[in-house]
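J.: Here it is, the structure in full.
Derivation of every value follows stated rules applied to the coordinates shown; laboratory data play no part. Note that the coordinates shown come from a computational prediction; the quantities given were computed from them, not determined experimentally. Heads up, the Cβs are rebuilt from the backbone with ideal geometry, glycines too, and the neighbour counts pull from every protein chain shown.
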Amino acid sequence: MNVGKNVLITGATSGIGEALFSLFSKHCHTMYPCGRNEDKLQQLKERSATCWPLSFDINVTEQVNLAASQVDSIDILILNAGDCAYIDDVMAFNAADFARIINTNLTSLGNVLAAFLPKVNKGGQVVLVSSAATLLPFPKAEAYGASKAGINYLANSLRLDLEKHQIGVSLVHPGFVEIPLTDKNTFNMPFILSAPEAAQRIYKGVMKKKQYIHFPKRLTWLLKVLAFMPQFLRHRLM
């Protein structure tokens, strides 16, 4: 059984990140939960005997670097923090929302990788949480989808370059998960999972060092099949 890992999770104060924190803590790993909510981080610290919370905004380079200076080594680096906003009126394209989502979900990963990747031990793992939404284009998802598609490429490219450093990379494609970000969705979310259910699937995949973790498979495989349909048919469906 794999125990005793140093695990750092961004976006650990809610949703999938918090559920992952609970699961890794349960299996006796040393935890570095990260987020902006200091009160929530303190609550997490009280739930684990080996917990070292780090408070920072992933978009602020100075804060990220300061947090990284408090960490000696990492075995599993989970890049989970993110945000979502929809482009409700494409003809009044919200450039500010687009930039905010791209910066938070994708550009900020540069800050985190620059600061924390040198801390990852040989034999360690970097886990990037993307989205099954990148398997097909969805209406109003220009900002969110583009940012998560960028994570896909980033993960797959990192895997090539980190191989010589003996560091693995896992790309995660969750389907719909009951978290604060999806609470505002007004559309049907098929096969939706709870955050603990999603965390369980991610945990199992990470501990097996899988390169690609996707769930629920009845949704992700359906999207993959639809992606092979002629574009005009897929466009009508979407």
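J.: Per residue of the chain, what 222 nm ellipticity follows from adding -39500 (n - 2.57) for every DSSP H run with n ≥ 4, rounded to the nearest 500?
T.: -12500 deg cm²/dmol
J.: Ok, one more. Describe numerically, in nm with one decimal, the distance between label points set 7 Å from Cα along Cα→Cβ at residue 27 and at residue 90.
T.: That separation, rounded to one decimal, is 4.2 nm.
J.: Of 121, 226, 216, whose Cα points farthest to the positive end of the dipole of the stretch 117-238 (charges on the beta-carbon: +1 Lys, Arg; -1 Asp, Glu; origin at the Cα centre)?
T.: So the residue we want is 121.
J.: Let's test the formula: R0 of 35 Å, r as the Cβ-Cβ distance of residue 235 and residue 211. What FRET efficiency results, to the nearest 0.05?
T.: 0.70
J.: Check cross-link reach from residue 210 to the lysines: straight Cα distance under 23 Å, and skip same-chain residues fewer than eight apart.
T.: Partners within reach: 5, 26, 119, 122, 148, 164, 224.
J.: Still on this model: For residue 215, list long-range residues whose amide hydrogen, built 1.01 Å from N in the peptide plane, is under 5 Å from its own amide hydrogen.
T.: Close amide H contacts, sequence-distant or interchain: 173, 175.
J.: At what distance in nm do the modelled label points of residue 70 and residue 192 sit from each other, each positioned 7 Å from its Cα along Cα→Cβ?
T.: Label at residue 70, label at residue 192, 3.4 nm between them.
J.: Pairs of alpha-carbon atoms within less than 8 angstrom and 6+ residues apart define the contacts here; what relative contact order does the chain have, in percent?
T.: RCO, the chain: 19 percent.
J.: Quick one: grab Rg to one decimal and Dmax as a whole number for the chain, Cα atoms only, in Å.
T.: 17.6, 55
J.: Applying 1/(1 + (r/R0)^6) with R0 = 22 Å to the Cβ-Cβ distance of residue 50 and residue 114, what FRET efficiency is obtained, to the nearest 0.05?
T.: About 0.25, to the nearest 0.05.
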